[in-house]
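Take a look at the structure set out below.
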Amino acid sequence: MKKVKLILDSSANEQSDESENIQVVPLTLFVNGKEFLDDDKLNIDDFIKNMESSKQAGKTACPSIQEWLDALEGSDEVIIITVTSGMSGSFSSALQAKTMYEDKHPGSHIIVVDSRSAGPEMSIVLHEIERLLKTKIRFVDLDQKIAEYRMHTHLLVILQSLHNLALNGRVNPAIAKLLKIDMVGTASQEGKLEPLIKVHGMRRALREVLKRMGAMKYNGKEVIIDQCQNEKDAKILKGEIIAKYPKAKVTIRPTHGLCTFYAEVGSLMVGFAD
């Protein structure tokens, strides 16, 4: 199979990697009267300071159709993975760009994947796509294979604040007001944040995540933990996962702009497949 380009929006907490033919298209974040591009140059510490000092709701903007078209330029076969359509227009924008690009470039083929998630679960899907591309699978069969695999991927989150999610209408404000404790949640089938349980203290939240992973039939495969200025608890969770599943490959990464905006300081996002 010829080289397939892989494009994600910045909600995946990934880096562009030309050697692997991976490109990240940034979302735009508006906080404290300022505009921040969610790319490799974003200063997360400065961004968080602006979030915490802002008295007004921030907002986000998905990549424009033109930005997707620019990323597609020069490619014949492409797979795009976007943040959940349940929280962003990124999927819709990418889908429109796909149609326009294929019309302009006959013979080109583009798959657009609605992750129904964000952050590390998107990367779990990306890694499976990379594995599939090393096999003899036909490009035309990839869409179905990806859809089937997505039925086996999961996201669990630990949130210490729902302030921005509530301000931007992503969760019920009444739930946000209750959050003087940690909340464990997941990405629902509709791609929205689904609260699972509220617990007192991070230690209990970590135990709850481990329990939920088992209930979701996790059995020792790859795990990605994205943390927002909370590497300490990410390392604790990694150790607990490996203690229970010795063959597990666990990676810890920092959140980028969009996930920092919604998940906020202290959060953990855990992506894995069953």
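The values are calculated or read from the model by the stated rules, or taken from the named source; none is laboratory data. Quantities reported herein were computed from a predicted structural model and do not represent experimental measurements. Here the Cβ is made from the backbone with ideal geometry for all residues, glycine too, and neighbour counts use every protein chain on show.
Residues that are surrounded by fewer than 22 Cβ atoms within 10 Å (Cβ to Cβ) and in a helix (DSSP H, G or I) within region 94-122 comprise Leu95, Gln96, Lys98, Thr99, Met100, Tyr101, Glu102, Asp103, Lys104, listed in sequence order. Collect the residues in region 252-265 that are in contact with a strand residue (DSSP E or B) (Cβ under 8 Å, 6 or more places away or on another chain) and part of a loop (DSSP other than H, G, I, E, B), keeping them in residue-number order. Passing the criteria: Thr255, Glu264. When we screen Gln56, Gln66 for residues that are in the same structural domain as Gly89 (by TED's automatic domain parsing) and either modelled with pLDDT of 95 or more or within 23 Å of Gly266 (Cβ to Cβ) (or both), the only hit is Gln66.
For region 231-251, the set of residues classified as in a helix (DSSP H, G or I) and either touching a residue at least 12 places away in the same chain (Cβ under 8 Å) or acidic (Asp, Glu) (or both) consists of Glu231, Asp233, Ala234, Lys235, Ile236, Leu237, Lys238, Glu240, Ile241, Lys244, listed by residue number.
Gly86 meets each of the listed conditions (1) surrounded by fewer than 22 Cβ atoms within 10 Å (Cβ to Cβ); (2) at pLDDT 95 or above apart from (2). Which one is farthest from the chain's Cα centre (by Cα), of the residues in region 206-232 that are crowded, with 18+ Cβ neighbours inside 10 Å and closer than 15 Å to Ala263 by Cα? Once the filter is applied, the top-ranked residue is Asn230. Sub-6 Å Cβ pairs linking a first residue in region 96-107 that is modelled with pLDDT of 95 or more to a second residue that is of a type outside the set (A, V, I, L, M, F, W, C) and surrounded by 15 or more Cβ atoms within 10 Å (Cβ to Cβ), at least 6 apart or interchain, are Glu102/Ser108, ordered by first then second residue. Screening Ile110, Ile80 for residues that are in contact with a helix residue (DSSP H, G or I) (Cβ under 9 Å, 6 or more places away or on another chain) and over 24 Å from Thr260 (Cα atoms) leaves exactly one candidate, Ile110. The residues of region 203-220 that are outside any helix (DSSP H, G or I) and under 22 Å from Ser11 (Cβ atoms) amount to a single one, Met216.
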